[in-house]
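The values are calculated or read from the model by the stated rules, or taken from the named source; none is laboratory data. Small disclaimer: the values here were computed from a predicted structure and weren't measured. Reconstructed Cβ throughout: ideal geometry from the backbone, glycine too, with neighbour counts over all protein chains shown.
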Amino acid sequence: MLRSAERVVVLTGAGISAESGIPTFRGPGGLWRKYRPEDLATPLAFSRDPGLVWQWYDWRRQRIAQASPNPGHVAIRRIEEMSPRFTLVTQNVDGLHQAAGSQRVIELHGNIWRVRCTLENTLAELRDVPLPEVPPHCQSCGHLLRPDVVWFGEPVPTDALERASRAASRADVMLVVGTSAAVYPAASMPVLTKRADGRLIEVNPDETPLTPVADIRLHGRAGAILPSVVAAMERLPQPPR
Ligand code: OAD
């Protein structure tokens with residue numbers, strides 16, 4: 001299916017980075033089992049206690065800084081190389097897809113290495129781990145910086161959402177990897193593909209709301225399954241176009 005598809009979209013969630021040692025949100029050991037999102041990942045939490053929110057992001061940035069892409073990330077880069085038209089839509093903020101060499105990446109929930117000035121809305125990269133100052137301040141105007149990520153109650157960046165939705169609704173095949181499909185609008189991407197008569201392949205060790213509508217379900221870890229998908233694709237001749 002993937003080998004003969006013209007347009008391929010891959011949608012990823014926290015599960016693709018689990019084997020790099022980055023905790024997911026909802027499963028066993030998930031971040032939202034230990035912490036309350038409303039204390040750490042909402043605009044209100046940030047206005048109440050920016051230092052606490054930044055401490056949590058500083059901790060997550062330190063974990064991510066120690067992580068490297070795993071065979072699942074690398075396999076997705078290989079699928080991009082083999083696909084005529086390819087888009088990767090990720091809910092992850094860790095940047096590991098780009099570190100693995102993926103080129104066409106749409107980040108629906110932002111990036112943890114980028115910061116935004118709360119006064120000027122300017123964006124900057126801030127890679128220091130740990131942060132030299134918690135909470136950090138804008139170098140040009142001195143106002144508070146916030147992580148350039150999407151919090152609960154905030155909209156997904158319009159441009160990213162439009163590009164992702166367009167790719168999803170044109171996809172011949174969407175490969176959905178490591179997401180619980182619980183957060184919208186990301187979870188609506190596979191629906192767009194199905195509605196346009198595209199095929200859905202799900203890679204996840206657990207069931208999700210998408211499982212019943214998936215055309216193919218690959219039950220297991222991304223780091224084990226995706227490399228064998230790539231190996232199978234490599235054995236097939238390139239279809240004539
Ligand atoms: P979740 O933590 O909700 O779901 C992770 C999914 O990955 C689960 O379905 C697991 O079964 C699966 N999984 C775990 N290990 C895996 C592995 N090795 N291989 C493949 N799958 C595996 O994470 P997301 O769906 O990404 O948003 O969560 C969506 C959003 O909710 C996040 O982007 C974040 C969170 O709140 C914001 O912060 C805005």
Scan the helices (runs of 4 or more DSSP H) fully inside segment 3-49 and keep the ones with 1 or more residues being among the charged types (D, E, K, R). 31-34, 37-40, 43-48
Does any residue of segment 93-110 turn out to be at pLDDT 95 or above, out of contact with any Lys or Arg (no Cβ under 9 Å at 6 or more places or on another chain), among the charged types (D, E, K, R) and within 15 Å of the ligand (Cβ to nearest atom)? yes
Taking segment 46-62 and keeping only residues that are within 15 Å of the ligand (Cβ to nearest atom) and either without any contact (Cβ under 8 Å) to a residue 12 or more places away in the chain or farther than 24 Å from H143 by Cβ (or both), one is left with W59
The one condition R104 fails out of (1) over 18 Å from V9 (Cβ atoms); (2) of a type outside the set (G, A, S); (3) out of contact with any Pro (no Cβ under 8 Å at 6 or more places or on another chain) is (1)
Filtering segment 69-114 down to residues that are among the hydroxyl-bearing types (S, T, Y) and either touching a helix residue (DSSP H, G or I) at 6+ places or on another chain (Cβ under 7 Å) or not in a loop (DSSP other than H, G, I, E, B) (or both) yields T87, T90, S102
Going by the structure shown, is A164 over 24 Å from D39 (Cα atoms) and within 16 Å of the ligand (Cβ to nearest atom)? yes
